[in-house]
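No lab work stands behind these numbers, since they all come straight from the coordinates. Predicted model only: the values in this text are computed from it and were never measured. Quick reminder, even Gly has a Cβ in these numbers, built from the backbone with ideal geometry, and neighbours come from all protein chains shown.
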Amino acid sequence: MEKTVIATTQAPAAIGPYVQATRVGDLVFTSGQIPLIPETMELVTGSIELQTEQVMQNLLAVLTAAGATADSVVKTTCFLKNIEDFAAFNGVYAKYLGANAPARSCVEVARLPKDVLVEVEAIALVVTG
């Protein structure tokens, strides 16, 4: 099966030796998205809500470029700097993926790239037809 690299200017460019997403068959595997503004590559700072908004916008931009949608996401992995932000994170996350919620893992981690508060990655199905 062929592996296709997904790249879009609507989401932040990779800041390391990885790609925004990889498509294999009808599956899309995204890299983790952090709250970088695609046009400037500057971080959104402030609350978990503000950072999560940018993360989810970035994630959906990558999914769209790959031919997937919010409804076709089957699994996410969410990384929080502080698990105390869980409820606030969920409030924003649900606006993007709550209608057809995927399976999910959400964990607290010691540190994230650029010291952000949140990172989210996804696995989704390509939408056909």
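Odds and ends about this structure:
- Taking the C-alpha atoms only, the angle from helix 48-66 to the longest principal axis of the chain is near 10 degrees.
- Solvent-free Debye scattering, log10 I(q)/I(0), computed from the Cα coordinates of region 10-59 at q = 0.15 Å⁻¹: -0.42
- Extending 7 Å from Cα along the Cβ direction at R104 and again at T69 yields two label points whose distance is 2.0 nm.
- Approximate spin-label separation R111-T77, in nm, with each point projected 7 Å along Cα-to-Cβ: 2.0
- In Å, descending, principal axis extents of the Cα set of region 83-126: 31, 23, 15
- Proximal lysines relative to K81, as straight alpha-carbon distance under 22 Å, when same-chain residues fewer than 8 apart are discounted: K95, K114
- When both bridge partners sit in the chain, DSSP labels roughly 75% of those beta bridges antiparallel.
- Y18 paired with I37, simple spin-label distance in nm, labels 7 Å along Cα-to-beta-carbon: 2.4
- Under the criterion of Cα pairs below 8 Å and six or more residues apart, the relative contact order for the chain equals 31 percent.
- Net dipole in debye of the chain [+1 Lys, Arg Cβ; -1 Asp, Glu Cβ; about Cα centre; nearest 20]: 260
- In degrees, nearest ten, helix 86-97 long axis to first principal axis of the chain (Cα): 30
- Positive dipole terminus of region 1-120, leading residue within P12, F79, A66 (C-beta point charges): A66
- Here the Kirkwood formula puts the hydrodynamic radius of the chain at 14.6 Å, using every distinct Cα pair.
- Restricting the calculation to Cα atoms, region 56-129 yields a radius of gyration followed by a Dmax of 12.6, 42 Å.
- Only aspartates and glutamates eight or more places from K3 in sequence, or on another chain, were considered; those with a Cα closer than 17 Å are D26.
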